[in-house]
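Inspection log for the structure reproduced underneath, given as C-alpha cells.
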Amino acid sequence: MGQVAALSVRQVSSRCWQRQCCWHGPKPLLSQHCSPSWIPGGLAARSLSSMATSIRFSPAARSLFDEPLGIAVQGLGPRQQVTLRASLQDEAGELFEAHGRYQAADDGELDLARCPALPGGSFSGLEPMGLLWALQPRKPFWRLVKKDVQTPFRLQLEVLEGHGDPPGQLLAQAEHERLFLRDGVRRVPVREGRIRATLFLPPGNGPFPGIIDLYGTGGGLPEYRACLLANYGFAVLALAFYGYEDLPKEMKEFHLEYFEEAINYMLKHTQVKGPGVGLLGFSKGGDLCLSMASFLKGITATAVINGSVANVGAVLRYKDITIPPLGADAKRIKINKSGIADIVDVLNNPLEGPNRRSFIPLEKAECRFLFIVGQDDHNWKSEFFAVEGSKHLQAHGKEKPEIVCYPGAGHYIEPPFFPMCAASMHLLVGKPVMWGGEPKAHSEAQRDAWQQIQAFFHRHLNGKPSGTTNKL
C-alpha cells in the first residue's frame, strides 16, 4: 500500500523523547507512485447512473475509527484530474469536510496510498488518511466528539471532475462506516454507590488489565477513547466526575474518595486483572490521575496526556488534606485578531511562592508514569509540567518517568484520525481559546501516542505494581 514514513526516535538531553516522522524515500512523483493499484478485499462502491467510475474501500464497508482506511478510485481516464471530497456529520448535525486534488495514473487508477495529493486542497503530498485527519467543521470553533459509541460515524466520499472551485461533475460517491465498538466488546453502564461511569469489556472471559479513563474540563461522560482502548484487550472504565447526572454541576471542588470508590470497583470486578489498575487522563483529567496516584492505593501505571503536575481549576480534598488550585492571572490572556484567546501563560508557576501548595506530591506515588506532551500545546505548558514532574520524582529517589514529546502537536491529542481542533469554546474561560497544533504533525502525534499508551499499559499492567518490586 505504498511507502510508509520511517519513524525515527532520538533522546533530547535527559528530559524528554523527541519523536518525529521523516520521509526517507524519494520525492513522490505522479509517474512513480501513481501506478496501477487495487486494494485487496475492498468494496467497489456503486457508480452514479452509467458511469464506470467507482470507489473502493479497504476494509470494505466498516472499520474502527482508529483504524487506517484504504481508499482507491477506479475507472477514471488516463491521468484524469479529480477532486475527492470527504464529509462527516456529527450527532449535533454539524458537518465536517475535507478535499484533496488528485491525478489518476495512466490506466485510470487512483490509490491514495500511492498517489500524492496535489496542492490546493485541504492537504498535499502522500497522505492516505488525509481526507479524515484534515476534516474541518463548517461551524467555527466546533470540535468533533462521539457521544453515542454504539452508532458509527458515516463517512461520505465523492469523486468530482477536475480541480475547479467549485469542482465539476459528480463521478462517483460512496459511504463508509467508522465504528467505535468492536464486535464482542461489552458496554456496561455503572451506577454503583456514587460512581457514574461506563465499563467497556473486551470479548472473552478475562480477566483483563484494567484502566480508568478521565477527560477534562468539558465534564459529562465521554466514552469514545475508553471504548476504542477496550478494543485492544483492556477493561476500561470511562469515569464521569462532574457535569453528569447527579454529580456536581460545576468544577469547584473534588473529593478523591469518589475516585477511590472507582478504583475499588475495578479491583473487585471479576473481569479486571489485579493487583493494580492503570489511569489515563487528559488535561484536567491528567492532574486528577496524578493526584489519585499520589494518594490512593491500587494503582500500577499512570499515563497523562497534556496534563499539569499542579492541581488546577478546583479545590481537591482527601480526608484531612486540601490542595488548593494553582493561581492564575487573567491579565495574561492574549486575544488575537480573530477574537481567539491564547491562555498558555495564564497559570502561575507551581514552583514559586504560595503556588507550591498546589504542586501534587508525586513522590508519594508507587506507580510508573508516562507523560504524552504536545510541544505546541496552548492550553498550558505541558512540556514544562512533565519535565518538572520528572525532576521532582527523581529528586525523591523515584524512577524517571517516560516522557514522549511531539513537535507540532497541540492540546487535544485524541485517538488516531480525529481531526485536530485548533480552537473551540473553553468552559472556564467563557470564550474560544486556541489549542495549538499543526494538522499533519498533530495527526502523526495522535497515531504514535495511541501506540505508546497501549504499549505502556501492556508492559505495566501484567505484573506486580511497581511499588512492590525490588529497586536497584
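The values are calculated or read from the model by the stated rules, or taken from the named source; none is laboratory data. The shown structure was predicted, so the numbers you read here are calculated from the model rather than taken from an experiment. Cβ sites come from the backbone with ideal geometry, for glycine too, and all protein chains shown count toward neighbours. SASA here: full protein model, heavy atoms, side chains in, ligands and nucleic acids out. Shrake-Rupley method; radii C 1.70, N 1.55, O 1.52, S 1.80 Å.
Odds and ends about this structure:
- Pairwise FRET efficiency - M425 versus A60, Cβ, R0 = 35 Å, nearest 0.05: 0.40
- Within the same chain, aspartates and glutamates fewer than 8 places from K431 are excluded, and of the rest, those with a Cα less than 12 Å from its Cα are D342.
- Built amide H within the under 5 Å cut-off of L171, gap 5+: V159, L160, E161
- For D246 and E192, the difference between the fully extended length at 0.36 nm per residue and the C-alpha to C-alpha distance is 18.2 nm.
- Simple label model, 7 Å out from Cα along Cβ direction - T270 to L351, nm: 5.1 nm
- By average C-beta atoms within 10 angstrom, highest first, the peptides 243-249, 268-274, 253-259: 253-259, 268-274, 243-249
- With the highest mean first, a sort of the peptides 202-208, 152-158 on other beta-carbon atoms found within 10 angstrom per residue produces 152-158, 202-208.
- If you take the Cα centroid of region 272-331 and the Cα centroid of region 335-399, the two points sit 12 Å apart.
- Residue-normalised accessible area of region 364-472, given per residue in Å² at a 1.4 Å probe: 40 Å²
- Antiparallel bridges, percent of DSSP beta bridges restricted to region 313-452 (to nearest 5): 60 percent
- Only helices enter the 222 nm calculation for the chain: every DSSP H run of n ≥ 4 contributes -39,500 (n - 2.57), and dividing by all residues gives -5000 deg cm²/dmol, rounded to 500.
- Modelled FRET efficiency - R0 45 Å, N336 with A52, Cβ distances, 0.05 increments: 0.40
- Computed E for L118/E260 - FRET, C-beta separation, R0 51 angstrom, nearest 0.05: 0.35
- Straight-distance crosslink candidates among lysines, where the alpha carbon sits under 19 Å from K268 and sequence neighbours closer than 8 are dropped: K297, K464
- Links that overshoot a 26 Å alpha carbon limit, given the list K252/K331; K284/K331; K284/K334; K381/K440; K252/K381; K334/K364: K334/K364
- Taking the protein heavy atoms of region 259-326 in the context of the full set of protein chains, the accessible area attributed to carbon and sulfur is 52 percent at 1.4 Å.
- Label point at E175 placed 7 Å out along Cα→Cβ; residues across region 227-249 whose backbone nitrogen lies under 18 Å: none
- About the Cα centre, charge dipole magnitude for region 82-142 (Lys/Arg +1, Asp/Glu -1 at Cβ), debye: 260 debye
- Working from Cα pairs under 8 Å separated by at least six residues, relative contact order for region 90-152 is 37 percent.
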